Amino acid sequence: MTLLTRRAGAGLAAVAAWVGLLGGLAGCTEGGGSPVEIQLPGKPRAPQEAIRISPDDNAKGVPAEGPLSVSVPEGRLERVVVTKVEDAQQEEVPGSIAADGLSWSPDQAAGRLALAAKYTVDAVALDGHDRRQARHTTFTTFVPEDRFIGYFKPENRSTVGTGMIVSFNFNQSIKHKADVEKAITITADPATEVVGHWFGAERLDFRPKRYWQSGTKVTVRMNLRDVEGAPGSYGIQDKTITFTVGRSQISTVDAAEHTMEVRREGELVSTVPITAGAPKNTTYNGKMVVLELFDVTRMNGQTVGFGGEYDIPDVPHAMRLTSSGTFLHGNYWASPDTFGSTNISHGCIGLRDDKGGGSDTPAGWFYDRTLVGDVVEVVNSQDKTVAANNGLGGWNMSWADWVAGSART
């Protein structure tokens with residue numbers, strides 16, 4: 001199978017590669033031209049029709065035997081990667097594209113999918129008009145009814161930015177929060193106090209009082225096996241992961257001034273012109289953490305309630321900032337004089353770029369120097385502060401409020 005590599009950061013330290021050159025459907029994009037004007041002739045298919053993936057996106061309880069398949073009704077598949085993620089060790093599902101290019105299937109010799117596991121599917125194809133299409137989906141396999149599991153970030157042995165928050169999403173509601181929280185221990189070298197905070201009954205995040213110190217080594221021990229999370233439901237995980245905190249990079253986006261100041265270890269290294277959310281679709285204020293990095297992704301307004309306002313299949317250098325669809329990304333379709341002068345997006349932050357992604361453009365420069373876990377803070381936008389549970393927005397809470405959300409206090 002041809003491999004895809006989703007960029008997970010570069011620069012002074014590199015994050016362990018995430019699978020998938022092309023990422024998920026994004027929620028916003030800049031204006032400066034309708035999608036029809038930047039696409040080849042012919043009406044494009046909806047994303048789920050252009051590349052058909054089974055199981056469905058966000059499917060739960062998928063049997064270990066599948067079904068698992070990827071297909072296109074026309075054109076040809078270029079690359080497909082299926083990966084078990086948010087585990088102590090990523091594992092790729094071996095498979096192959098058929099000779100006619102219309103389908104991908106897993107190798108029969110590889111056996112069944114793992115139970116109680118989360119998988120991602122990343123696929124890229126050329127449709128019948130030679131337009132490049134991308135799709136990213138996730139699904140989770142069956143978890144026995146008397147067991148619970150926490151899917152977590154960051155990945156084992158990764159190098160991350162100083163704003164990384166350790167985040168667990170459980171597959172069912174946790175009633176005995178204190179017992180579950182006590183079973184997860186996080187230690188750091190140099191020593192740092194790390195406290196948990198519950199967002200509802202299914203999510204538990206951990207962070208220190210301030211951003212991690214550069215070079216910190218972090219160990220996460222999950223002693224959840226046989227811990228009762230809810231009456232009759234017991235944990236399944238007994239594992240340890242580690243990650244390293246890389247150099248500090250904090251970027252401040254001033255939506256009113258149309259600039260982004262990039263600081264390394266507190267020193268200003270560059271001021272980059274940007275475009276942010278237009279008056280009717282403003283960008284969130286507050287601290288956001290880079291969640292994923294995609295060389296190329298598709299941005300479809302239908303995924304976040306913008307209807308058919310836009311559908312850009314090849315947005316370059318895309319860095320996800322929130323789970324609701326805020327990205328910092330390259331923009332090749334707006335006039336160059338837009339950047340640094342006006343805000344025209346649907347809520348994202350745009351940097352000047354070339355079609356296909358230029359290495360010497362502002363977007364390419366920033367992308368190549370970004371790690372998952374880096375902080376991007378937006379100021380002077382006419383919008384509210386991003387919610388603490390939207391992505392890894394927990395840095396927007398005071399330490400007192402954060403600690404108050406621990407079940408151990």
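Please name all residue pairs, on different chains or six or more residues apart, with Cβ atoms under 7 Å, provided the first residue is in the stretch 151-163 and is assigned to a loop (DSSP other than H, G, I, E, B) and the second residue is aromatic (Phe, Trp, Tyr).
PRO154/PHE243; ARG157/PHE243; THR162/TYR211; THR162/TRP212; GLY163/TYR211; GLY163/TRP395
When both residues are 6+ apart or on different chains and their Cβ atoms are under 7 Å apart, which pairs have a first residue that lies in the stretch 358-369 and is at pLDDT 95 or above and of a type in the set (A, V, I, L, M, F, W, C), and a second that is open to solvent by 50 Å² or more (accessible area, probe 1.4 Å) and not in a loop (DSSP other than H, G, I, E, B)?
Every condition considered, the pairs that remain are ALA363/ARG352.
Would you confirm, using the coordinates I've provided, whether ARG247 is surrounded by fewer than 21 Cβ atoms within 10 Å (Cβ to Cβ) and in a strand (DSSP E or B)?
No, not satisfied.
So the check is Cβ under 9 Å with 6+ separation or different chains; which pairs have a first residue in the stretch 270-298 that's free of Cβ contacts under 8 Å to residues at least 40 places away in the same chain and a second one that's among the polar types (S, T, N, Q) and open to solvent by 30 Å² or more (accessible area, probe 1.4 Å)?
So the pair list comes out as THR271/THR259.
Quick check on the stretch 147-169. Is at least one of its residues touching a helix residue (DSSP H, G or I) at 6+ places or on another chain (Cβ under 6 Å) and modelled with pLDDT of 95 or more?
yes
For the stretch 256-276, enumerate the residues that are under 17 Å from ASN343 (Cα atoms) and among the aliphatic types (A, V, I, L, M).
The answer is ALA256, MET260, VAL272, ILE274, ALA276.
Can you tell me which residue within the stretch 99-138, out of those that are acidic (Asp, Glu) and touching a residue at least 60 places away in the same chain (Cβ under 8 Å), is least open to solvent (accessible area, probe 1.4 Å)?
Among residues in the stretch 99-138 that are acidic (Asp, Glu) and touching a residue at least 60 places away in the same chain (Cβ under 8 Å), the one least open to solvent (accessible area, probe 1.4 Å) is ASP122.
Restricting the search to the stretch 230-249, which residues are without any contact (Cβ under 8 Å) to a residue 60 or more places away in the chain and more than 18 Å from ASN156 (Cα to Cα)?
First pass over the stretch 230-249, keeping only residues without any contact (Cβ under 8 Å) to a residue 60 or more places away in the chain: 231, 238.
PRO231 - this is the single residue of the stretch 230-249 that is without any contact (Cβ under 8 Å) to a residue 60 or more places away in the chain and more than 18 Å from ASN156 (Cα to Cα).
Taking LEU371 as the residue in question, decide whether it is open to solvent by less than 30 Å² (accessible area, probe 1.4 Å) and under 26 Å from PRO279 (Cα atoms).
Criteria not met by LEU371.
At least 2 residues that are among the hydrophobic types (A, V, I, L, M, F, W, C) and farther than 30 Å from ARG264 by Cβ in each: list the strands (runs of 3 or more DSSP E) lying fully within the stretch 180-236 that qualify.
Fully inside the stretch 180-236 and qualifying: 194-199.
Provide a single number: the residues in the stretch 147-184 that are over 13 Å from PRO208 (Cα atoms) and either open to solvent by 20 Å² or more (accessible area, probe 1.4 Å) or not aliphatic (A, V, I, L, M) (or both).
Selection size over the stretch 147-184: 26.
Let me confirm something: among SER398, SER323, SER341, which residue is closer than 24 Å to GLU265 by Cα, surrounded by fewer than 20 Cβ atoms within 10 Å (Cβ to Cβ) and among the small types (Gly, Ala, Ser)?
Sole residue among the options that is closer than 24 Å to GLU265 by Cα, surrounded by fewer than 20 Cβ atoms within 10 Å (Cβ to Cβ) and among the small types (Gly, Ala, Ser): SER398.
The values are calculated or read from the model by the stated rules, or taken from the named source; none is laboratory data. Here the structure is a predicted model, which is why all the values come from computation and not from measurement. Quick reminder, even Gly has a Cβ in these numbers, built from the backbone with ideal geometry, and neighbours come from all protein chains shown. These area figures cover heavy atoms from the full protein model, side chains too; ligands, DNA and RNA do not enter into them. Shrake-Rupley method; radii C 1.70, N 1.55, O 1.52, S 1.80 Å.
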